[in-house]
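Q: If you scroll down you'll find the structure; I have some questions about it.
The values are calculated or read from the model by the stated rules, or taken from the named source; none is laboratory data. In this text, all values refer to a predicted model and were calculated from it rather than measured experimentally. Note: ideal-geometry Cβ built from the backbone for every residue, glycine included; neighbour counts use all protein chains shown.
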Amino acid sequence: MVQFAIARDFQGMPFYFNVTTPVGRGYPNAAPEDVALVQFIFVVGTRGQHALDPALLPTWSKVTVTSRSDDATLAAINAWQAFRRQKFGGSVDTDGIISVVRTESGMYGPGKGMSYDIVHLNFVLLFATKSIWPRIDKDSRCPPVLAAAVRKALSGHLAP
C-alpha cells in the first residue's frame, strides 16, 4: 500500500508517495504496490524533459513494472544509491534498500541533512510526470496495482 505523506521541508513538493514496506535487497516479498511505485519511478525517470543524470539511464532503462523485486530493480536501486553517495557523500546509505520514511521531515534524522531515497525519488517522479502529478495513476505506464494504491492514498486529499 502506497502512502501519501506531507513534505514538511521540501520546496516545490508539498507531499510525496511513501512506501509501506522496504523495497530492495533482502525484501523479496515487499508489498507489490510499493515495488511497483519504485519501478514506476525508474521507468518514467528514463524519459521526458528532466534532470536525471545520464549515468543512471543504462541501469534504469532495464526496469519494467512487474510489482516484484527482480535483478533489474535491485540494480537500479544500487545505481541510484551509488549516484547519491557520489553526489552527496558518505552520509548516504548504499544498502540496496528503499526504506519506509519514518520521520515527519522525510530526513534520516535531526542534523543529518539527507532525505530518504523514496523522498528524493519523488522529485524524479514529480518532474517526469509534471503534467499529471500527483495523479500518476493517469499515466498509461502506471500498472493497475499501483494506480489503485495511488487513488486510495490520494482519496480525501484531492478532487477526482
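Q: Within the range 76-98, how many residues are surrounded by 18 or more Cβ atoms within 10 Å (Cβ to Cβ), in a loop (DSSP other than H, G, I, E, B) and among the polar types (S, T, N, Q)?
A: 0
Q: If a residue must be among the basic types (K, R) and touching a strand residue (DSSP E or B) at 6+ places or on another chain (Cβ under 6 Å), how many such residues does the range 26-71 contain?
A: 0
Q: So, in the range 37-71, exactly how many residues are within 15 Å of the chain's Cα centre (by Cα) and either aliphatic (A, V, I, L, M) or not in a loop (DSSP other than H, G, I, E, B) (or both)?
A: Going through the range 37-71 one residue at a time, the tally reaches 13.
Q: Return yes or no: is D70 modelled with pLDDT of 95 or more and either touching a Phe, Trp or Tyr at 6+ places or on another chain (Cβ under 8 Å) or not hydrophobic (A, V, I, L, M, F, W, C) (or both)?
A: Details: modelled with pLDDT of 95 or more: yes; either touching a Phe, Trp or Tyr at 6+ places or on another chain (Cβ under 8 Å) or not hydrophobic (A, V, I, L, M, F, W, C) (or both): yes.
Yes: the conditions hold for D70.
Q: Determine the pairs where a residue that is within 19 Å of L37 (Cβ to Cβ), located within the range 75-100, has a partner that is in a strand (DSSP E or B) and at pLDDT below 90 with Cβ atoms under 9 Å apart, the partner being 6 or more residues away or on another chain.
A: V100/Q3
Q: Further question on the same structure: Select from the range 115-145 the residues that are assigned to a helix (DSSP H, G or I), within 26 Å of D93 (Cβ to Cβ) and of a type outside the set (D, E) and list them in ascending order.
A: Those that are assigned to a helix (DSSP H, G or I), within 26 Å of D93 (Cβ to Cβ) and of a type outside the set (D, E): I118, V119, H120, L121, N122, F123, V124, L125, L126, F127, A128, I136.
Q: Of (1) farther than 18 Å from Q39 by Cβ; (2) assigned to a helix (DSSP H, G or I); (3) in contact with a Phe, Trp or Tyr (Cβ under 8 Å, 6 or more places away or on another chain), V150 satisfies all except one. Which?
A: (1)
Q: Taking the stated definitions as given, is R8 touching a Ser or Thr at 6+ places or on another chain (Cβ under 6 Å), modelled with pLDDT under 90, at negative phi and not in a loop (DSSP other than H, G, I, E, B)?
A: no
Q: Quick one: which of V101, V63, V119 is buried (at least 20 other Cβ atoms within 10 Å of the Cβ), modelled with pLDDT of 95 or more and hydrophobic (A, V, I, L, M, F, W, C)? Before the answer, list the steps.
A: Numbers: V101 fails: modelled with pLDDT of 95 or more; V119 fails: modelled with pLDDT of 95 or more.
Step by step, each of V101, V63, V119 is checked, and only V63 is buried (at least 20 other Cβ atoms within 10 Å of the Cβ), modelled with pLDDT of 95 or more and hydrophobic (A, V, I, L, M, F, W, C).
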